[in-house]
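Take a look at the structure below.
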Amino acid sequence: MSNYSFLYRTNLEHRAISVYIYLDGRANSKGECWPSIGRIACDLKLSRRTVIRALNDLRGAGLVTTEQRYRKDGGKSSLIFNLQD
């Protein structure tokens, strides 16, 4: 289990803390994961808009960066989330 004490000392809203812990639980050894916003919302029982706000909070705090993924046909796919130390 990860030590989230650094996270609890931030001024982040509970939504952002929940989303960070969710992403951390799904991240690979490089700190990357790629669940869709809809999947995160469904699993955490939050609205999609709340998840988007939480991700913006995490980006603003420098805890998460994102990278857009694309399908072979050029359409957008889910984001890659990179957890920062």
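The values are calculated or read from the model by the stated rules, or taken from the named source; none is laboratory data. Remember, predicted model here, so these are calculated numbers, not experimental data. All Cβ positions, even for glycine, are placed from backbone atoms using ideal geometry, and neighbour counts span all protein chains on display. Calculation scope for accessible area: heavy atoms of the full protein, side chains included, ligands and nucleic acids excluded. Shrake-Rupley method; radii C 1.70, N 1.55, O 1.52, S 1.80 Å.
The residues of the stretch 44-64 that are open to solvent by 60 Å² or more (accessible area, probe 1.4 Å) and outside any loop (DSSP other than H, G, I, E, B), listed by number, are R48, R49, R53, N56, R59, G60. Scanning the stretch 6-20 for residues that are open to solvent by less than 30 Å² (accessible area, probe 1.4 Å) and either modelled with pLDDT under 95 or on the phi > 0 side of the Ramachandran plot (or both) gives a single hit, L7. Looking at G31 and the list (1) in contact (Cβ under 8 Å) with a residue 40 or more places away in the chain; (2) open to solvent by 20 Å² or more (accessible area, probe 1.4 Å), which single condition is not satisfied? Going through the list (1) in contact (Cβ under 8 Å) with a residue 40 or more places away in the chain; (2) open to solvent by 20 Å² or more (accessible area, probe 1.4 Å), G31 breaks only (2).
Does N3 fit the bill of being open to solvent by 60 Å² or more (accessible area, probe 1.4 Å), assigned to a helix (DSSP H, G or I) and without any contact (Cβ under 8 Å) to a residue 12 or more places away in the chain? In short, no. Within the stretch 65-85, take every residue that is out of contact with any helix residue (DSSP H, G or I) (no Cβ under 9 Å at 6 or more places or on another chain) and surrounded by 13 or more Cβ atoms within 10 Å (Cβ to Cβ) and give me the one that is nearest to F6 (Cα to Cα). Checking each candidate, the answer is N82.
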